[in-house]
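Let me begin by presenting the structure, written as structure tokens, before commenting on it.
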Amino acid sequence: MIYVCIPSFDEAPTVGLLLWKIRRMFTEFPREYQLLVVNDGSTDKTAEVLEPYAKVLPLTVINRKERHGYAASVEELLRLAVELTDRPKRDCAVLMHADFSHGTEYIPELVRQIDSGADLVVARSTLEGEPSRMLRMVRRMAPLLLRNSVKIPGVSDVVSGFAAFRLVILRNAFRSHPGPLLTTDGWAANAELYARAAQSARRVETIESVEHRNIRPRPSRLAPMAMARELWRAGPRLRAVARSVAALPRQGRQPTEAT
């Protein structure tokens with residue numbers, strides 16, 4: 001089973017079409033799949049858009065009345081995938097955004113890498129159509145802004161929001177951290193997630209992708225200087241996370257045969 005996890009806030013113009021594009025992709029890449037969406041306190045018509053799709057697609061929607069933020073949405077989606085699976089060593093979760101920035105055409109390659117033995121696969125993105133030169137620079141410099149606090153062999157784009165996880169490594173991460181798994185937000189939360197998940201990964205891989213910033217029907221919500229400050233502030237916290245993760249007993253190093 002492939003659980004496609006999509007956090008969404010005010011993405012009514014795109015989230016429904018994205019679900020349909022995923023459905024069409026799975027007709028050409030026939031695999032069993034489940035769509036999981038958090039509607040994070042949207043103020044537009046996201047809930048209304050999602051309602052009819054839930055009747056015709058394998059879709060679970062979590063509607064929140066108030067916004068909790070990106071990190072909380074991601075964590076809730078991944079926890080739900082872990083709860084739903086009965087084969088965590090075989091099944092995987094794919095994390096992607098609802099605004100067309102992540103192309104559905106890359107999902108098969110993410111899954112193939114999992115099938116071939118990878119436990120964590122991160123899409124290293126080339127930004128296409130991003131009009132802000134400053135934002136492109138902040139994204140490129142994200143590891144330095146994080147003060148090199150997150151170093152994962154095999155991952156260069158530590159703030160990418162497009163990735164696949166073998167569910168057993170997420171289960172191990174949740175079990176190792178009884179409280180909230182993610183203590184940061186935004187791009188920093190992606191880096192924190194990969195650091196925690198990689199603790200029990202036997203193999204980590206990267207695929208190349210294009211992140212489209214020019215086809216979503218809304219302006220970017222990312223303010224470059226605010227993002228830079230957020231990453232800089234998150235650096236010491238993530239360094240502490242990295243130390244705590246490194247101190248945990250190594251898990252998941254045995255073969256991850258399906259169960």
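The values are calculated or read from the model by the stated rules, or taken from the named source; none is laboratory data. Because the structure is predicted, anything quoted here is derived from the model rather than measured. Quick reminder, even Gly has a Cβ in these numbers, built from the backbone with ideal geometry, and neighbours come from all protein chains shown.
Results, tabulated for the structure shown:
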quantity: Residue selected from segment 215-259 under the condition β-branched (Val, Ile, Thr) and closer than 29 Å to Arg203 by Cβ, by the criterion modelled with the highest pLDDT; calculated: Val241
quantity: Segment 119-153, residues that are surrounded by 15 or more Cβ atoms within 10 Å (Cβ to Cβ) and small (Gly, Ala, Ser); calculated: Ala123, Ser125, Ser132, Ala142, Ser149
quantity: Selection count, segment 1-23, where residues are aliphatic (A, V, I, L, M) and either out of contact with any strand residue (DSSP E or B) (no Cβ under 7 Å at 6 or more places or on another chain) or part of a helix (DSSP H, G or I) (or both); calculated: 6
quantity: Pair list, Cβ < 6 Å and 6+ apart or interchain, from segment 1-24 residues that are within 19 Å of Tyr106 (Cα to Cα) to residues that are part of a helix (DSSP H, G or I) and small (Gly, Ala, Ser); calculated: Tyr3/Ala81; Pro7/Ser73
quantity: Qualifying residue in segment 28-45 (condition: within 24 Å of Ser160 (Cβ to Cβ), touching a residue at least 40 places away in the same chain (Cβ under 8 Å), of a type in the set (Ser, Thr, Tyr) and outside any loop (DSSP other than H, G, I, E, B)); calculated: no
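Matching residues to (1) part of a helix (DSSP H, G or I); (2) hydroxyl-bearing (Ser, Thr, Tyr); (3) in contact with a Pro (Cβ under 7 Å, 6 or more places away or on another chain):
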residue: Ala72; (1), (2), (3): yes, no, no
residue: Leu77; (1), (2), (3): yes, no, yes
residue: Ala81; (1), (2), (3): yes, no, no
residue: Lys89; (1), (2), (3): no, no, no
residue: Val94; (1), (2), (3): no, no, no
residue: Asp99; (1), (2), (3): no, no, no
residue: Ile107; (1), (2), (3): yes, no, no
